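This report concerns only the one structure given below.
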Amino acid sequence: MLRHAKLLLAVPVLALAAACTTTDPDYCAVNVRGDLEDAMRTVETKLGSGCEYHFDGYFQSLLALAESNPDKNNRRHFSDHLMRVQDMGVISRRQAEGLYNRYFNVKFVSLQGDYNTCSQTCPIRKQVMSDMQAELHDKELGLMRASNDAASFYRADHLLKETDLVLEATCRACQAGDAR
Amino acid sequence: MMNPTTQDLRSARSGSWRRGPALLVTALCLFAGAVQAAGSGPVVRLFPTTVLEDIRETGQVAEDMENNLQQIIHRLDMQQQLYSESLCEGADGDQGCERIAKQLGSTYLEMLEVMSDRLPEMERAVNSTRSSLEKRLRQELGQRTTPTSLQNTLLGEAGTVAASQEDQPALRGRSGVRLSDRFKQYYDLVSTSKNGPSQSLAVVAADIYLDMEEASQLIAFTQQEISRAALMEQLNQSFGMITPEMSAVVGGVKEILFGESTMESPIASPPYAIGETEFVSPLAM
């Protein structure tokens, strides 16, 4: 009877100890260096064994590693990595798309929506432009510094300028229409 | 209402008049391309015939105004040169200098009168172009376009042809060309252009619209300024003075009509390697 009680007590203690092991900061710490794909695999292993909450930190570390070793293929590696992490259930499809497009696509995730421009964007035009400006900085890291793709970064920069101009004119035209 | 300063007018001029015509050329060129591309996907119709007709008419009015002012401004330049070369600045009491100054003032008044006669027509033409573009922008980009599709339009996915950068006229920043010549170029481009990219049509329309808005304000300010300047000059005629304000106004008019000013930096064109196969992620928007 006493032996059984000890056993029952030991199970939760062991479980608690195991939990402590997986949430130990040292356990989740990854020295992200070397080959980018290898580093991504290492990160994915950690993400699959209790370190999901470290995803953001890992992602930034991987970006820093890519920045140290710029290559056109890096955006493909990030795309594959995000797809795998999404398949693991660590992040949603929307988050994967958001991150990929924010850093590696010419288009801006800050300028999206299903309603018309007059009603959706114009009332918050300044905020949208400010968000796009911040996103351009991330694109500079993802496209130019990490992927060595200056052409795409310049297209994004150009798109930002054009959007600013077009929104200014369009929103003025919308406002003039409302005033009538 | 606040009276505009000469500085206001000069900055307004540099912002709108120099850039507007260049953009209109681009607009008309791109319009021709858009017409060719019609029938493949949704088309943003920013430049219907009515807008083009407004642009053409604005060019005609600009030419008339230019013809009327050219001779007078040339005379003003000569008189100004004579005044300067005769070392009249600061030569108070010199009868010869006073005479040149009065002649200069009289020519200046003549220029103001011509402008006063011509500006209402220019104002009507500019306002008409602005108004028709405003309507198209509101309908096509404001109400029929979502932020997502606007982005696609700007990136050229709505168009069918990814033209090389050399085919795309630079937006803004062109100067040193007569106002009427620019408008003629626009019209020639419309009638002779064989093809062209359509992706920048929205940008061109936006730029023209904003320029026309500034131009409209500038004309209104100028009309107010003319009345005031004419009164001041009539008073100055009694004393034979040449004011810095006179030089500024003449300089502004020359800038508007003959493009005699420094260029602004155009939007940088991105270096785009044609023929490269781009990686397309399944996550891409």
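No lab work stands behind these numbers, since they all come straight from the coordinates. Since the model is a prediction, treat every value here as computed from it, not as a measurement. Ideal geometry is used to build each Cβ from the backbone, glycine not excepted, and the neighbour counts take in all protein chains shown.
For the reader, a short list of remarks on this structure follows.
- Enumeration of residues in the range A:161-180 that are more than 7 Å from every other protein chain (Cβ to nearest Cβ) and surrounded by 20 or more Cβ atoms within 10 Å (Cβ to Cβ): A:L167, A:C171
- Taking the criterion of being buried (at least 16 other Cβ atoms within 10 Å of the Cβ) and among the acidic types (D, E), the residues of the range B:53-72 that qualify are B:D54, B:E57, B:E63, B:E66.
- Consider the range B:74-108 and keep the residues that are of a type in the set (A, V, I, L, M, F, W, C), buried (at least 17 other Cβ atoms within 10 Å of the Cβ) and touching a helix residue (DSSP H, G or I) at 6+ places or on another chain (Cβ under 6 Å). The one that is farthest from B:A230 (Cα to Cα) is B:C88.
- Counting only helices (runs of 4 or more DSSP H) that sit completely within the range A:97-180, those holding 3 or more residues that are of a type in the set (S, T, N, Q) and free of Cβ contacts under 8 Å to residues at least 40 places away in the same chain correspond to A:125-139.
- For the range B:54-73, filtering for residues that are out of contact with any helix residue (DSSP H, G or I) (no Cβ under 6 Å at 6 or more places or on another chain) and within 10 Å of B:A125 (Cα to Cα) leaves 1.
- Output for the range A:68-89, where each listed residue is surrounded by fewer than 20 Cβ atoms within 10 Å (Cβ to Cβ), more than 8 Å from chain B (Cβ to nearest Cβ) and over 24 Å from A:A150 (Cβ atoms): A:R84, A:Q86, A:D87, A:M88, A:G89
- Condition met for A:R125 (buried (at least 19 other Cβ atoms within 10 Å of the Cβ) and basic (K, R)): no
- Of the residues making up the range A:102-122, those that are within 7 Å of chain B (Cβ to nearest Cβ) and either touching a strand residue (DSSP E or B) at 6+ places or on another chain (Cβ under 8 Å) or surrounded by fewer than 15 Cβ atoms within 10 Å (Cβ to Cβ) (or both) are A:D114, A:Y115.
- A:L62 being within 18 Å of the chain's Cα centre (by Cα) and either in contact (Cβ under 8 Å) with a residue 24 or more places away in the chain or more than 7 Å from chain B (Cβ to nearest Cβ) (or both): yes
- Residue, nearest to the chain's Cα centre (by Cα), within the range A:74-96, restricted to residues that are outside any helix (DSSP H, G or I) and in contact (Cβ under 8 Å) with a residue 40 or more places away in the chain: A:V90
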